[in-house]
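Below: the structure, in structure tokens.
The values are calculated or read from the model by the stated rules, or taken from the named source; none is laboratory data. Treat the numbers as computed from the prediction; the structure is a model and nothing was measured. Heads up, the Cβs are rebuilt from the backbone with ideal geometry, glycines too, and the neighbour counts pull from every protein chain shown.
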There are 2 protein chains.
Amino acid sequence: MSTHPRQMHLGAFLYPTGHHVAAWRHPQAAADAGINLGHYQHLAHVAERGLFDLIFLADGVGVRGDNVEALSRTAIRYTGQFEPITLLSALSAVTSRIGLVSTISTTYTPPYNIARQMASLDWISGGRAGWNLVTSADDFEAQNFGLDEQLAHAERYARAQEAVDVISRLWDSWEDDAFLRDKESGRYFRPEAFQPINHKGRFFRVRGPLNVPRPPQGRPVIFQAGASEPGKQLAARTADAVFTAAQTVPEGQEYYSDLKRRLPDYGRRPEDIIVMPGVFPVIGATRAEAEDKFARLQDLIHPEVALSHLSPLLGIDLKDHDPHGPVPDVPMSNGHVARQALLVARARRDNLSILELALSMAGARRHWQIVGTPAEITDSLQERFEAGAADGFNIMSPVLPTGLEEFVDTVVPELQRRGLYRTGYTGSTLRDHFGLARPAAHEGFSYAEPEAPHVAYGARA
Amino acid sequence: MSTHPRQMHLGAFLYPTGHHVAAWRHPQAAADAGINLGHYQHLAHVAERGLFDLIFLADGVGVRGDNVEALSRTAIRYTGQFEPITLLSALSAVTSRIGLVSTISTTYTPPYNIARQMASLDWISGGRAGWNLVTSADDFEAQNFGLDEQLAHAERYARAQEAVDVISRLWDSWEDDAFLRDKESGRYFRPEAFQPINHKGRFFRVRGPLNVPRPPQGRPVIFQAGASEPGKQLAARTADAVFTAAQTVPEGQEYYSDLKRRLPDYGRRPEDIIVMPGVFPVIGATRAEAEDKFARLQDLIHPEVALSHLSPLLGIDLKDHDPHGPVPDVPMSNGHVARQALLVARARRDNLSILELALSMAGARRHWQIVGTPAEITDSLQERFEAGAADGFNIMSPVLPTGLEEFVDTVVPELQRRGLYRTGYTGSTLRDHFGLARPAAHEGFSYAEPEAPHVAYGARA
């Protein structure tokens, strides 16, 4: 076994039946995976057996879409599944080392509640909690929270920035040694440790302190996935890890170096952030077997489902367009701006029709896809890892649990043989796995000054 | 073993170290109970061994109070402990029958998020979730959510009523047979089952549907504790169970019959709601041993802590009053109106000074206290149960885990001998334990018509 100067981080990205859009129809999929606790317990055990850094749950606060014909044919629109915080809390009880990362939206959950549930999960799990900060770029989610449509992109990111500041300050609102619990003297905590944060900002006003002691990790690990300019700035300032998408090595390198270059502006070092692109690996004993496996999954995709995924990514309704015609120019909208540009460029480059682009995207969505043998997949991961395009990968197995089992049983040993991956856990917290130091309270975080008067949260205006 | 026409329901009310205000200082208490998962796992196992219907977690969304001298001497101000939804989700994994009831505030959590986390907990636990609806009568909580002070009492209850309607409609937003998951035809759900609720009310606008399938219980069990007039009306219209406080048999009878009498107004039967007063049992092998146990606990109370509990209950600041003087007349304020009146009446009746009232309340707070042998405690419970003052009791053990262990080992067998309590679980859901039917979607619930235009939730006004 050779040694390697850096080691790769791995996350298991868990859509219920798998990442492929038609995974739920696969013979090996548990179609009821979304509400099958045993299924998730098994996935967590497999990922922990594979020494993964973490499992990662995406989320949406609502059914995404209103095209009922398409919605009724897919399992990955957050339609009928567990809520992630409750699920990860339950999984914490049957795992001991693996990190537990949940998506929560800063647009639709008050910061006090985010800070509190994440701090509590960190205590329950012994320091394994991570928060994937999202801003919810979807009108259908907005309509579950009193809005007609999502907030503007810039507004969402300004709100997210303030939210992460408030939440970090709440996590830090008790010193690590605040709670004495001294039965003899009758002091439960040091009186001088009681410090309201009194945050008064543009979006939030929060007195504090948090009613949970400082979490075992100090602050739970913060993930972000923003690829737009404000998203990258927010990540550079506040994230411990980013979940990204890159189709090619140069795309991955560009994102990686761009992001790392921004860190010194915030007093941070490039190694203070872990870059984990998504990877969609289709594993076969031979290349032909892997390609056949992928083709069989693609055959299960209904065209309506494929088109319904492309529409919101492009930000236009494709109903008025011939699916066999070329991809139209699209106005850069309020949604995932960076994603739109990448997609149109790709259709132009490969000369794809609307339906061809839709089908090619529907399987892995915008993520990097590798179809091959365990050795080929290991080669590809190693290449990106060594080319400065990634610190690790979020593994988006096409079908679950089989895809994750195959990865753990065939790719992980190959990564270990090459010295690219741990052969045992050396710590017990997610920060330990990532090699990130536990921050002291009030350390290493540049709080932004509040901009303007607050708006009351959850109250009548 | 005699038989009895009705059987008693039991809940385990779990403050971290126990219900007595000074419990954390007791030699048998785990002072770090609030963040000690093993402690809560043990409590859940003991309660399940005792065949309890449920465990019950009170909650506050913030540290309650700003009297740091008093706060720093007590463990029951929600100062440093797990958040209840994450905790119950974790406990669901190590229990199999007992109900899991969490407090959530309709004032500070959006209804979509409440509906979703409760539905998810119900799936994760196999139908054991319960929601204790509260409106958060505390300015310190309000200040964590952008407000200067709590909303007015009537406003909170109007909001709660609308919230419970929205949440119930979200739980019902998918029919039980909506999800086909038919791999062959490719239909994940029946298209006609997709039904947005399109709620537009005074406080909330929610499109729906919920992105969780209809819960195993149909609707998780709803608890309420409101003792005021709007609280009792809300309970009569929507609650499956109420958690109440009554010092005497007549008080308990009055509340019980008053509440049950209101049910037919909403098309409900008296047996559709389970009335569970809180009980604070101090158990000893002899009466003298129990009294001594209680006295030793009372000795651990710091006067500042006792007074700080009385102040908000009375709705006045006691700093300007002689603690050895009589209890002053208090204006009926915006807080727990019904509680204030009961307290003042009691001080007048028993001729108590402020500090005497404070100390007498601080131990069990406003709940019924029984100090005696297992047989005496059983007698008292049986008396109230048979007198039409209760359908069961929420057991508020003075010190945990020992108080709950003692209750399960000594009082439960006596209740069973008298035929007053189950000798085994006969069902697997909380509704089963309560003998409450599983409601069909859209059944047996009188939705209130929205009153006026909505206010956006969590967004800029």
Worksheet item: A:ALA70 versus (1) modelled with pLDDT of 95 or more; (2) surrounded by fewer than 24 Cβ atoms within 10 Å (Cβ to Cβ); (3) assigned to a helix (DSSP H, G or I): which is the lone unmet condition?
Response: (1)
Discussion item. So, A:ARG77, is that one free of Cβ contacts under 8 Å to residues at least 24 places away in the same chain and within 11 Å of chain B (Cβ to nearest Cβ) or not?
Written reply: yes
Practice prompt. Return yes or no: is A:ALA306 within 25 Å of A:GLY231 (Cβ to Cβ) and within 14 Å of another protein chain (Cβ to nearest Cβ)?
Written response: no
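To keep it simple, each residue is scored yes or no on (1) within 11 Å of chain B (Cβ to nearest Cβ); (2) in contact with a strand residue (DSSP E or B) (Cβ under 6 Å, 6 or more places away or on another chain); (3) part of a loop (DSSP other than H, G, I, E, B).
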{"residue": "A:ALA30", "(1), (2), (3)": "yes, no, yes"}
{"residue": "A:HIS42", "(1), (2), (3)": "no, no, no"}
{"residue": "A:PHE52", "(1), (2), (3)": "no, yes, yes"}
{"residue": "A:ILE55", "(1), (2), (3)": "no, yes, no"}
{"residue": "A:GLY60", "(1), (2), (3)": "yes, no, yes"}
{"residue": "A:VAL63", "(1), (2), (3)": "yes, no, yes"}
{"residue": "A:ASP66", "(1), (2), (3)": "yes, no, yes"}
Discussion item. Return the pair list, or none, for Cβ contacts closer than 8 Å from residues in the range B:261-276 that are under 17 Å from B:VAL221 (Cβ atoms) and among the charged types (D, E, K, R) to residues that are modelled with pLDDT under 95 and surrounded by fewer than 17 Cβ atoms within 10 Å (Cβ to Cβ), at least 6 apart or on different chains.
Written reply: B:ARG268/B:GLY444
Worksheet item: Going by the structure shown, is A:SER136 buried (at least 21 other Cβ atoms within 10 Å of the Cβ) and modelled with pLDDT under 95?
Response: yes
Response to the item:
Within the range B:110-146, residues being more than 9 Å from every other protein chain (Cβ to nearest Cβ) and within 21 Å of B:HIS45 (Cα to Cα) number 6
Worksheet entry | Checklist (1) at the interface with another protein chain (Cβ under 9 Å from one of its Cβ atoms); (2) within 21 Å of A:TRP174 (Cβ to Cβ) applied to A:THR107, failing item | (2)
Response to the item:
Scanning the range A:208-218 residue by residue, the ones that are more than 9 Å from chain B (Cβ to nearest Cβ) and on the phi > 0 side of the Ramachandran plot total 1
Response to the item:
The one condition B:ARG214 fails out of (1) among the charged types (D, E, K, R); (2) surrounded by fewer than 17 Cβ atoms within 10 Å (Cβ to Cβ); (3) more than 27 Å from B:SER136 (Cβ to Cβ) is (2)
Worksheet item: Of all residues in the range B:219-237 being of a type outside the set (A, V, I, L, M), crowded, with 22+ Cβ neighbours inside 10 Å and touching an Asp or Glu at 6+ places or on another chain (Cβ under 8 Å), which is nearest to the other protein chains (Cβ to nearest Cβ)?
Response: B:PRO220
Worksheet entry | strands (runs of 3 or more DSSP E) (entirely within the range A:113-223) containing at least 2 residues that are under 19 Å from B:GLN81 (Cα atoms) and without any contact (Cβ under 8 Å) to a residue 24 or more places away in the chain | A:179-182, A:187-189
Worksheet item: When you scan the range A:1-28, how many residues do you find that are within 26 Å of A:ASN132 (Cα to Cα) and either part of a loop (DSSP other than H, G, I, E, B) or within 14 Å of chain B (Cβ to nearest Cβ) (or both)?
Response: 14
Worksheet entry | Boolean, A:VAL305 is crowded, with 21+ Cβ neighbours inside 10 Å and either on the phi > 0 side of the Ramachandran plot or assigned to a helix (DSSP H, G or I) (or both) | yes
Discussion item. I'm checking my understanding of the structure. Among residues of the range B:165-189 that are more than 7 Å from chain A (Cβ to nearest Cβ) and farther than 27 Å from B:ALA236 by Cα, which one is surrounded by the fewest Cβ atoms within 10 Å (Cβ to Cβ)?
Written reply: B:GLU184
Worksheet item: For the range A:337-433, which helices (runs of 4 or more DSSP H) that fit wholly inside it have 1 or more residues that are touching a Lys or Arg at 6+ places or on another chain (Cβ under 7 Å)?
Response: A:337-350, A:374-386
Practice prompt. Please work out if A:ASP322 is among the acidic types (Asp, Glu) and outside any loop (DSSP other than H, G, I, E, B).
Written response: no
Discussion item. Cβ-Cβ distance below 7 Å, separation of 6 or more or different chains: which pairs start in the range A:82-104 with a residue that is more than 10 Å from chain B (Cβ to nearest Cβ) and farther than 10 Å from A:ALA129 by Cα and end on one that is of a type outside the set (D, E, K, R) and part of a loop (DSSP other than H, G, I, E, B)?
Written reply: A:ARG97/A:TYR425; A:ARG97/A:SER428; A:THR103/A:ALA58
Discussion item. Suppose we filter the range B:54-91 for residues that are among the hydroxyl-bearing types (Ser, Thr, Tyr) and out of contact with any Lys or Arg (no Cβ under 7 Å at 6 or more places or on another chain); how many remain?
Written reply: 4
Practice prompt. Being facing another protein chain (nearest Cβ under 7 Å) and over 20 Å from B:ASP32 (Cα atoms) is the filter; apply it to the range A:190-207 and report the residue that is surrounded by the most Cβ atoms within 10 Å (Cβ to Cβ).
Written response: A:VAL206
